[in-house]
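These notes are about the structure you will find just below.
The values are calculated or read from the model by the stated rules, or taken from the named source; none is laboratory data. Every value quoted in this text rests on a predicted model; they were computed, and no experiment measured them. When we count neighbours, we look across all protein chains shown, and the Cβ atoms used for this are built from the backbone with ideal geometry, even at glycine. In case anyone asks, the SASA skips ligands and DNA or RNA and just uses the protein heavy atoms, side chains included. Shrake-Rupley method; radii C 1.70, N 1.55, O 1.52, S 1.80 Å.
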2 protein chains.
Amino acid sequence: MKKGNLLLAQSGGTTAVINASAVGVIRQAIQSKAFDKVLCAHFGMNGILKEDFFDVSSLTDSQLDLLAKTPASAFGSCRYKLPNPCDNAEIYSNILEILQRHNIVCLAYNGGNDSMDTCNKIAEYLAKTHYPCNVIGVPKTVDNDLVGTHYCPGYGSASKYIATTIEEIALDTAVYEKGRITVCEIMGRDTGWLTAACSVACKAERGPDLIFLPEREFDVDKFLTQSEQVYRKKGHCLVAVAEGVKNANGYIGADEKLDSFNHVQLGGAANKLCSLVSLKLGISTRAIDLSLPQRAAAHILSLRDQQDAMLCGKHAVELALRDKSGVMAAITFADGKTVCSDIPLRQAANSVKSVPSEYISQDGAHILPEFCDYVLPLVEGEVQLEYEYGIPRYFDNTKLKKFI
Amino acid sequence: MKKGNLLLAQSGGTTAVINASAVGVIRQAIQSKAFDKVLCAHFGMNGILKEDFFDVSSLTDSQLDLLAKTPASAFGSCRYKLPNPCDNAEIYSNILEILQRHNIVCLAYNGGNDSMDTCNKIAEYLAKTHYPCNVIGVPKTVDNDLVGTHYCPGYGSASKYIATTIEEIALDTAVYEKGRITVCEIMGRDTGWLTAACSVACKAERGPDLIFLPEREFDVDKFLTQSEQVYRKKGHCLVAVAEGVKNANGYIGADEKLDSFNHVQLGGAANKLCSLVSLKLGISTRAIDLSLPQRAAAHILSLRDQQDAMLCGKHAVELALRDKSGVMAAITFADGKTVCSDIPLRQAANSVKSVPSEYISQDGAHILPEFCDYVLPLVEGEVQLEYEYGIPRYFDNTKLKKFI
């Protein structure tokens, strides 16, 4: 690889360990001494197109340690869908010029499925132009739906937060002799990985009574019967549903809006189900949406997740240094240890990995105990935080140096 | 005080340290050797009326340590409004008989404003009957609206969770170049203590842009102007609102239902405000309701709050042993240290302590820095947790022994 600069971009929704991935990239890039400068795009692809970069080459070890515990993209993110080259050739030549102008020899792109599609398109385009820049995907999504990796950094910490929170909600909703049917909505448009993580709390015997994933068609009548049965028996019932639960008519929680990727906007499954319970069963309800804290709650990071995020970032740089391009760093497990590997970006791009049906009970309302063999290693271990004013101290990105 | 049994009841909404208060009572009751048995009512007042008690006299130190870190009423709670003696004399004679039958010489009642009213009615009735049972209130509410105590156990931990979560939400909502107006709804029907705790995150420079408490009349037009201004300047805006914000027409988030105390049911302020922003300003929004985790998140307890909850519980028993009755244990601060005192129950019952207006900015949309002098000591310090399966290990109340 010729000498030049490394550019990292953060893309898509954030996670609690997205900056840990960045730290893996930055630290390895600095330590390898293979690059002149280590740059981070401000607001992901938008920063690339505007040539708006931070120079992070001289971040200290203690700054990087703090960054690795800080949630949400410290350098800014984007929701940017790169058009196909045949639809907009200009944008590709722009990107090429920008990378050339700033002598970028390695582009590390940190994101989920949609971001890996963008990353793949750039990699394929650059390969055709023979411009020597190695393009490497760094996996990141709380959804855990990226193919080709045992799990995806971000998922472990989100799962730890969700399992902890549902455990605490389970305790709270059981305190009255006559309680309610509580429906807790969890992120996951197409896949139920995060919702399935509630089964960790079930293992501790403080989990939801019923768990519904988008992988099974949602049967409203069956849900009403099942939740009423639990309620009549226990005096309360806790239900976990993925935001993306759907039936033949579409998403249960859909409204009319589409997002910038033309995905249906979700966010109302718990509310809709609670309205149905009130109407059909006349039982008191409470809808809870775990919302953004699911992906942002770095105050309860999974140590494994944080370390693996850093490992993946480090591995991405190592792949580039071995002159690989068009690949995504990935995780395989060997004897319970994390080993990094890589898969072609085109394989990761736009594919979706669902929760295998062998983890879901016959009645579609429970997660089988075998799932814990998968998820427990991903949520175990805690990260020691620094506290200031009684709350976690996080990295201050307002003092980052711009690259001029 | 004559020899007999102590009975503890947990009442009202739960907190993250309600069991720490119980541990303070139980441990002191055991250590004082002044009681034959230490009992806890199953489901609060309902358990008293049904003579359904747990015998906790032989809980071990390590069981009590774990209980003191466990959220939500381990013995069950109730929402029970005791009628006035003139409206229902029978219930009072029932209670008297039950206390006599089980030789209860001390009743410790752990709750908030409504519960202190119940506690006060029992204390006054028993005083009239000359039945020798000392009735002591133990303060508990996340709302912090009990009068006569510097702060209320439960508030510190809820504040720590809220400030941490709003800090993480602030980081998450700032990652896009063009973001949204995010409205985060926080518990607090009549008072804004919990919402004001967001100002801890402001001190760390990662707090909400605007904070609205029920103590000031909510001006919808001003809210729209203020949030649009922030959004136009920063590209995103984070607003914290108490669930109980109201104007001359009533609660912003009201719906038609009343709860068992004939309080208006709330829970929609953030949603309503987001709908207004969409409609009037055409800006993307997100409503977040912090919901039950605010009071249940024992995974991020305030050490001070937990210790003070135990101190108050301990002090309640000491008051009874000094033959006091009809009082509530309370907290005063002296040189930053917690000192326990007591106030007459009738003073605490049904009174509400609001956030003083000197803590609220002129424009009604910010909390002044002076408030941090009050709240910081209450959120500082962390409690070491035990983890099992990657999530906090909590007290298992299914193995509690019933008193027969």
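Note on chain A: with charges restricted to the Cβ of Lys and Arg (+1) and Asp and Glu (-1), its dipole about the Cα centre is near 660 debye. Placing one equal scatterer on every Cα of the protein assembly as shown and applying the Debye formula, the log10 ratio I(q)/I(0) at q = 0.06, 0.11 Å⁻¹ is -0.39, -1.21. The largest accessible area among B:His42, B:His366 belongs to the first residue in B:His366, B:His42, and the rest follow in falling order (1.4 Å probe, all chains). Region B:1-33 and region A:2-52 have Cα centres spaced 55 Å apart.
Treating r as the C-beta distance of A:Asp221 and B:Asp396 and R0 as 30 Å, the FRET efficiency rounds to 0.30. Taking only the Cα atoms of region A:111-197, the radius of gyration and Dmax are 19.5, 70 Å.
Need one value for B:356-366: mean number of C-beta atoms belonging to other chains within 10 Å of its residues' C-beta atoms.
Working: counts 0, 0, 0, 0, 0, 0, 0, 0, 0, 0, 0.
Other-chain Cβ atoms within 10 Å of each residue's Cβ, averaged: 0.
Less than 5 angstrom separates the built amide H of B:Asp52 from those of B:His42, all sequence-distant by 5 or more or on a different chain. Per residue of B:288-294, other chain Cβ atoms within 10 Å of the residue Cβ number 6 on average. To the nearest ten degrees, helix A:155-172 and the longest principal axis of the Cα atoms of chain A are 20 degrees apart. For chain A, take the longest principal axis of its alpha carbons; what is the angle in degrees between that and the long axis of helix A:113-129, to the nearest 10 within 0 to 90? With rounding to tens, the tilt is 20 degrees.
To one decimal place, what orientation-averaged projected area in nm² is obtained for the convex hull of the Cα set of chain A?
Values: hull surface 81.6 nm².
Mean orientational projected area (chain A, Cα hull): 20.4 nm².
Remark: relative contact order (region B:154-211) = 43 percent; criterion is Cα-Cα distance under 8 angstrom and separation of 6 or more residues.
How many angstrom lie between the Cα centre of region A:350-404 and the Cα centre of region A:90-130? Cα centroid of region A:350-404 versus Cα centroid of region A:90-130: 28 Å apart.
What ranking, highest mean first, results for peptides A:289-297, A:190-198 when packing means the other Cβ atoms within 10 Å averaged over each residue? Could you put the intermediate results ahead of the total?
On the way: A:289-297: 25.3, A:190-198: 27.3.
Descending mean neighbour count gives A:190-198, A:289-297.
Note that region A:5-12 has calculated 3J(HN,Hα) couplings of 10, 9, 10, 10, 10, 9, 9, x Hz, one per residue in order, obtained from phi through the Karplus relation 6.51 cos²θ - 1.76 cosθ + 1.60 (θ = phi - 60°); glycine and proline are x.
Chain B contacts chain A over a buried accessible area of about 4900 Å², both sides summed; the probe is 1.4 Å and only protein chains count. Take A:Asn94, push a point 7 Å out from Cα through the beta-carbon direction, and compare it with the same point in every other copy: 7.4 nm, smallest first. Scaled to the globular estimate 2.2 N^0.38 Å, the Cα spread of region A:99-157, given as radius of gyration, is 1.26.
With every protein chain kept in place and ligands, DNA and RNA left out, what is the accessible area per residue of the protein assembly as shown? Probe 1.4 Å, answer in Å².
Values: 29590 Å² over 808 residues.
The answer is 37 Å² per residue.
Residues whose amide H falls under 5 Å from that of B:Ile186, counting only those 5 or more places apart or on a different chain, are B:Val241, B:Ala242, B:Glu243, with hydrogens built in the peptide plane. Remark: C-alpha extents of region B:304-404 on the principal axes read 58, 46, 28 Å, sorted largest to smallest.
What FRET efficiency comes out for the pair A:Asp65/A:Arg232, r = Cβ-Cβ distance, R0 = 60 Å, nearest 0.05? Numbers along the way, then the final one.
Values: r = 52 Å, r/R0 = 0.87.
Plugging the Cβ-Cβ distance into 1/(1 + (r/R0)^6) gives 0.70.
Using the average count of surrounding beta-carbon atoms within 10 Å as a protection proxy, the listed peptides A:342-348, B:72-78 rank, highest first, as B:72-78, A:342-348. Rounded to the nearest whole Hz, the Karplus-based 3J(HN,Hα) values (6.51 cos²θ - 1.76 cosθ + 1.60, θ = phi - 60°) of region A:192-204 follow the sequence x, 4, 5, 5, 4, 5, 4, 5, 4, 5, 5, 4, 7, with x at glycine and proline. Compared with the dominant Cα axis of chain B, that is its longest principal axis, helix B:89-101 is turned about 60°.
As an exercise, use a Förster radius of 51 Å and the Cβ-Cβ distance of B:Lys33 and A:Ser361 to find the FRET efficiency, rounded to the nearest 0.05.
Details: r = 51 Å, r/R0 = 1.01.
Plugging the Cβ-Cβ distance into 1/(1 + (r/R0)^6) gives 0.50.
Which of the three applies to region A:313-355, rounded, prolate or oblate, going by the alpha-carbon gyration tensor with a ≥ b ≥ c and a/c under 1.5 meaning rounded?
Working: a/c = 2.95, a/b = 1.09, b/c = 2.72.
Oblate is the answer for region A:313-355, as a/c is 1.5 or above yet b/c matches or exceeds a/b.
On the accessible surface of the protein assembly as shown, probed at 1.4 Å, how many percent belong to carbon and sulfur atoms?
Answer for the protein assembly as shown is 47 percent, counting heavy atoms of protein chains only.
Ranked by the mean number of other Cβ atoms within 10 Å of their residues, highest first, the peptides A:30-38, A:331-339 fall in the order A:30-38, A:331-339.
For the segment B:161-170, counting C-beta atoms of other chains within 10 Å of every residue's C-beta and taking the mean gives 6. Number of Lys-Lys pairs in region A:156-258 with C-alpha atoms under 15 Å apart and a separation of 8 or more places or on different chains: 4.
Against the compact-protein benchmark of 2.2 N^0.38 Å, the Cα-based radius of gyration of region A:49-123 scales to 1.29.
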